[in-house]
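Here's the structure we're looking at; comments come further down.
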Amino acid sequence: MITGKNYIGNQRSANGSTTYKTFNPKLNLENEHIFFEASEDEINNAVTLASEAFKTFKKISGVKKAEFLNAIADEILVLDDALIKAYISETGLPEGRAKGERGRTVGQLRSFAKLVSEGSWVEATIDTSDLNRTPIPKQDIRKMLVPLGPVVVFGASNFPLAYSTAGGDTAAAFAAGCPVIVKSHPMHAGTGELVASAIQKAAQKTGMPNGVFSNLNSADIEVGVQLVKHPKIKAVGFTGSIHGGRALFDLASKRPEPIPVFAEMGSINPVILFPEATKNQGEELAKTYAKSITLGAGQFCTNPGLILGIEGAALDAFINILSEEIIKIEPSCMLHPNIIGNYERNKTTALQQNDLNIAAEYPDDVMINHARQTITTVEGKTFLKNATLHQEVFGPFSMVVQCENAQELETIVSNLEGQLTGTVLAENEEVSKYSSIIEALQNRVGRIIFNGVPTGVEVCPAMLHGGPYPASTDSRFTAVGIHSIKRWVRPFSFQSWPNDLLPDELKNENPLGISRLVDGVQTNNAI
């Protein structure tokens, strides 16, 4: 049941004076439930509880954390249609998308449960002593990953489940042993509360400490600002715009004790269309990319917003077919009037730039809050000179850059801002022919795709969802998959500690049976 209250540990609270409602973009009206923004006292209570909970939660075994994570997944499924209906009413997205995202969310939780129940993820490393070594005796030193402390997770606007209340950031932080305070996204506060209720029930059923989770409502930025500045918060997870992510990063950096902000931000996901592939596969690729650009009204962080090719008849044909195909697709509803408002403003800014041409724009009337998909073209030399053309237009928008030659194409790729993905559309022999361009692309992205589309992020251990700034604030980490747990931990060493006082992961007898690096050898054996 949606109450509109904040979840402060195992209690619900509504002490704040600021209230708001979510919005149904499909019906173009407010939803019925009233939400109470968290007050300063509620924020402090949530952080205090999380800090106290950390003292216990960081010591809880991987098996018990796995029970908690699996219980969250179970409780989310128990919400059934109530969750799906809330999701649809707050996003305008279809039922299939809602159920798909719920499945992904549950799958993420279970994958982290499997990871921590096995336990080797802590990267236990042991260098045993050699007190007879000369001239200096060697001490016994043992290292493992340990949790950072209470984490703040900001719910994402475009993924109300998979990147929000119980999404990847939260699941990874729980798995690491960090309590989580979610700053719920105001656009889907009802969906967030339902998921928060599932987490709360799971925490109580599995005996987790009070304060291991809180969910705070926020109509604007103030709650998030207070959380990031709070001295007991030790890390932040964010998915959203460059402006929002950078603001949080700067706030966290200016604290007396700076903390890491792991922000996944803007990306235009460049696609390089090489000549032979353009000539041989142009029609098929154009049809495929028309669908990719408009998928989910273009509201994916991996939407292909930039297509780079070498000018000529084949690229002209590709642009013509892409333009014809994209206007055949029925426009989709965007997540919120603010989202489509930003789309129209950013698109207008792009279209006002000199020498940018509109190749296609959906010509007919559209329903309220539905976006007209647009394809633009520009010459390579113009794109190089105008940084405004590099900016993300979040929505069903893509720009085709017509480069004079391969050298100009490489120059453009080398000067791109950091991106989540890069795609190469090529015949096999073109990979070696244009290897320097592909290497330049690798230097600017976190994931490179061959003859596919960037939309769609598989949740698996090999996935890297991140990239050089501004795609993310730290390109060494992924926001998707089990390795995202490494954002919420730090390495810690014990020197010359008695065996019986060490964590189980580092004891001689290896009671957990995990894989460890012992004197340079990876082994599951006891010492």
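The values are calculated or read from the model by the stated rules, or taken from the named source; none is laboratory data. All figures in this text were calculated on a predicted structure; none of them were measured in a lab. FYI the Cβ positions are ideal-geometry reconstructions off the backbone, even for glycines, and counts take in every protein chain you see. The area values use the complete protein model at the heavy-atom level, side chains included, leaving out ligands, DNA and RNA. Shrake-Rupley method; radii C 1.70, N 1.55, O 1.52, S 1.80 Å.
Checking Ala247 against (1) more than 19 Å from Ser472 (Cα to Cα); (2) among the aliphatic types (A, V, I, L, M); (3) open to solvent by 20 Å² or more (accessible area, probe 1.4 Å); (4) free of Cβ contacts under 8 Å to residues at least 40 places away in the same chain, which single condition isn't satisfied?
Going through (1) more than 19 Å from Ser472 (Cα to Cα); (2) among the aliphatic types (A, V, I, L, M); (3) open to solvent by 20 Å² or more (accessible area, probe 1.4 Å); (4) free of Cβ contacts under 8 Å to residues at least 40 places away in the same chain one by one, Ala247 breaks only (1).
Hey, can you tell me all the residues within the range 464-474 that are part of a loop (DSSP other than H, G, I, E, B), open to solvent by less than 20 Å² (accessible area, probe 1.4 Å) and either free of Cβ contacts under 8 Å to residues at least 40 places away in the same chain or not aliphatic (A, V, I, L, M) (or both)?
Result: His465, Gly466, Gly467, Pro470.
Let's see how each residue does on (1) within 19 Å of Gly282 (Cα to Cα); (2) open to solvent by 70 Å² or more (accessible area, probe 1.4 Å):
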| residue | (1), (2) |
| --- | --- |
| Met334 | no, no |
| Thr348 | no, no |
| Asp355 | no, yes |
| Ile358 | no, yes |
| Met367 | no, yes |
| Phe383 | no, no |
| Ala387 | no, no |
| Glu404 | yes, yes |
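Of the conditions (1) in contact with a Lys or Arg (Cβ under 6 Å, 6 or more places away or on another chain); (2) at pLDDT 95 or above; (3) open to solvent by less than 80 Å² (accessible area, probe 1.4 Å), Gly92 satisfies every one except a single condition; which number is it?
Single failed check for Gly92: (2).
Which condition number does Ala479 fail, the rest of (1) in contact with a strand residue (DSSP E or B) (Cβ under 7 Å, 6 or more places away or on another chain); (2) open to solvent by 20 Å² or more (accessible area, probe 1.4 Å); (3) part of a loop (DSSP other than H, G, I, E, B) being met?
Going through (1) in contact with a strand residue (DSSP E or B) (Cβ under 7 Å, 6 or more places away or on another chain); (2) open to solvent by 20 Å² or more (accessible area, probe 1.4 Å); (3) part of a loop (DSSP other than H, G, I, E, B) one by one, Ala479 breaks only (2).
Against the conditions (1) surrounded by fewer than 24 Cβ atoms within 10 Å (Cβ to Cβ); (2) more than 20 Å from the chain's Cα centre (by Cα), where does Leu148 fall short? Just the number, please.
Tallying (1) surrounded by fewer than 24 Cβ atoms within 10 Å (Cβ to Cβ); (2) more than 20 Å from the chain's Cα centre (by Cα), Leu148 fails exactly one: (2).
On the given criteria, is Ala202 modelled with pLDDT of 95 or more, surrounded by 20 or more Cβ atoms within 10 Å (Cβ to Cβ) and assigned to a helix (DSSP H, G or I)?
Against the criterion (modelled with pLDDT of 95 or more, surrounded by 20 or more Cβ atoms within 10 Å (Cβ to Cβ) and assigned to a helix (DSSP H, G or I)), Ala202 qualifies.
Hey, among Ser253, Ser157, Ser184, Ser164, which residue is within 22 Å of Leu93 (Cα to Cα), open to solvent by 10 Å² or more (accessible area, probe 1.4 Å) and hydroxyl-bearing (Ser, Thr, Tyr)?
The conditions single out Ser157.
For the range 413-439, give me each residue that is open to solvent by 10 Å² or more (accessible area, probe 1.4 Å) and assigned to a helix (DSSP H, G or I).
Once the filter is applied, which keeps residues that are open to solvent by 10 Å² or more (accessible area, probe 1.4 Å) and assigned to a helix (DSSP H, G or I), the range 413-439 yields Ser414, Asn428, Glu429, Val431, Ser432, Lys433, Ser435, Ser436, Ile438, Glu439.
Counting only residues that are part of a loop (DSSP other than H, G, I, E, B), out of contact with any Lys or Arg (no Cβ under 9 Å at 6 or more places or on another chain) and open to solvent by less than 40 Å² (accessible area, probe 1.4 Å), which one in the range 5-53 is nearest to Asp80 (Cα to Cα)?
Once the filter is applied, the top-ranked residue is Thr22.
Every residue in the range 205-240 that is part of a loop (DSSP other than H, G, I, E, B), open to solvent by 10 Å² or more (accessible area, probe 1.4 Å), under 27 Å from Ile76 (Cβ atoms) and not hydrophobic (A, V, I, L, M, F, W, C), please.
If the condition is that a residue be part of a loop (DSSP other than H, G, I, E, B), open to solvent by 10 Å² or more (accessible area, probe 1.4 Å), under 27 Å from Ile76 (Cβ atoms) and not hydrophobic (A, V, I, L, M, F, W, C), then Thr206, Gly207, Pro209, Asn210, Lys234, Gly240 are the ones that fit.
Which members of the range 509-522 meet the condition of being more than 20 Å from Val63 (Cα to Cα) and surrounded by 15 or more Cβ atoms within 10 Å (Cβ to Cβ)?
Val518
Is there any pair linking a residue in the range 377-389 that is of a type in the set (D, E, K, R) to one that is part of a strand (DSSP E or B), with Cβ under 9 Å and at least six apart or on different chains, and which?
Final answer for the pair search is Glu379/Val401; Glu379/Gln402; Glu379/Cys403; Lys381/Cys403.
Among the candidates Asp130, Asp81, Asp140, single out the residue that is acidic (Asp, Glu), loosely packed, with under 14 Cβ neighbours inside 10 Å and more than 30 Å from Phe35 (Cα to Cα).
Answer to the check: Asp130.
Identify the single condition in (1) crowded, with 16+ Cβ neighbours inside 10 Å; (2) in a loop (DSSP other than H, G, I, E, B) that Cys460 does not satisfy, given that it satisfies every other one.
Condition not satisfied by Cys460: (1).
Identify, from the list Thr388, Thr376, Thr349, the residue that is β-branched (Val, Ile, Thr), over 24 Å from Pro94 (Cβ atoms) and in contact with a Leu (Cβ under 6 Å, 6 or more places away or on another chain).
Thr376
Condition first: touching a residue at least 12 places away in the same chain (Cβ under 8 Å), of a type in the set (D, E, K, R) and open to solvent by 20 Å² or more (accessible area, probe 1.4 Å). Can you find one or more residues in the range 263-271 that meet it?
No - not one qualifying residue is present in the range 263-271.
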